[in-house]
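The values are calculated or read from the model by the stated rules, or taken from the named source; none is laboratory data. Quick caveat: nothing in here was measured; it's all calculated off a predicted structure. No Cβ is skipped: glycine too gets one built from the backbone with ideal geometry, and neighbour counts run over all protein chains shown. All accessible areas refer to the heavy atoms of the entire protein, side chains included, with ligands and DNA or RNA removed. Shrake-Rupley method; radii C 1.70, N 1.55, O 1.52, S 1.80 Å.
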Amino acid sequence: MSKVHRIRAVTEDGHEIAFECRSDENVISAGLRQDVILMASCREGGCATCKAYCAEGDYQLVGTSVQALPPDEEEEGLVLLCRCFPESDLELELPYTYDRISFAAENPEFQAEVVDFGLISCNVMCLNLRRIGQNSDRKVRFSPGQFFDIRIPGAETNPTRSYSPANIANDEGELELLIRLLPDGRFSEYLRNHITKGERLTLRGPGGIFGLKENGFRPRYFVAGGTGLAPVLSMVRHMHAYGEPQESHIYFGVNTAAEVFCIDTLKALESAMNNLTVHICVWQPDHAWDGERGSVIDIVRRDLRELRAKPDIYLCGPPGMVDAAHAACDEFGIPKNQIYMEKFLPSGPCGEACDPTVVHVHHSAG
């Protein structure tokens, strides 16, 4: 028989929230059951969006990905709340402010119509949506770097996929999504074969804690792999819209020239912003490629080597790229509190990396 435990969570700005959680449910699900929506994305132990620090209490971690929660972080008391099952009352520290917590009545699902869609590289589609509503009901509000969940049409279990807009908040209800097409992805199959203009999709959001930090005038380096460019574009577009003056660099990396997208958009931003430099990096270029040649990590390392000031670093992309970039930052002495990152995994289960039979039991020192 399951027991009921008290979860007390404190945000980084000192607010707290409390709710109950049974021993047979994870913290994210318990919150949702009580209309408390904490930051989460994949809910399968793979993306690290729901990472938090457990200051006190006993719990089990079930089926977490080592990419999302490395062993050294687990030893320090970090947890993935979507895979955290309490065995006692828990005291949690959340790495985001109280305004990033939503409550069901404040964050309802909404409808958006498909305005346009099309391939922008060999494996990436741009999907343009417009929220359906009248006047203020049409507005979309989100912080650059956040994501929205989209329900997959026609799927029996009604699963969702999470995507960060590449544009910024606006009164017209417009969302620009950059989506990598996966060979066996359920939403990818829908985009390839079934989507139509004017169709209505169901979304919920925004969510997520990735975003710009106000740290004065330190330079900002944005490192993006593949469709990790979407939240980076949103952040840089926000900087442009509000005239933020920090020296900024975008490092956008892909494997081959056929995978490059948004070149015109990036060049237009670079031309419009005298504080922005764009580096488009192709790991395996053909003879015709005239941009940066090599891995995005090699290019970042080259430039970090020449710096005296230590910039804020924003990383978004596949876990391997993010981990390699983080290691490069460590090599050049970038403080951990100046590195902000968002890892993403392919849609769907995490496979062996999130094996639900792997259970780690943690007991508080007290």
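General remarks:
- Considering the conditions (1) open to solvent by 60 Å² or more (accessible area, probe 1.4 Å); (2) touching a Leu at 6+ places or on another chain (Cβ under 7 Å), ASN255 is excluded by exactly one of them, (2).
- Pair list, Cβ < 6 Å and 6+ apart or interchain, from segment 169-193 residues that are farther than 19 Å from ASP149 by Cβ to residues that are open to solvent by 20 Å² or more (accessible area, probe 1.4 Å) and basic (Lys, Arg): ASP171/LYS139
Condition check ((1) open to solvent by 10 Å² or more (accessible area, probe 1.4 Å); (2) within 22 Å of PHE332 (Cβ to Cβ); (3) assigned to a loop (DSSP other than H, G, I, E, B)) across all residues:
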site	(1), (2), (3)
LYS197	yes, no, yes
ARG204	yes, no, no
PHE222	no, yes, no
THR227	yes, no, no
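- If the condition is being of a type in the set (Lys, Arg), part of a strand (DSSP E or B) and open to solvent by 80 Å² or more (accessible area, probe 1.4 Å), then segment 1-21 contributes only ARG6.
- Where a residue in segment 75-104 is more than 22 Å from TYR340 (Cβ to Cβ) and its partner, wherever it lies, is open to solvent by less than 40 Å² (accessible area, probe 1.4 Å) and part of a helix (DSSP H, G or I), with Cβ under 6 Å and at least six apart: CYS84/VAL27
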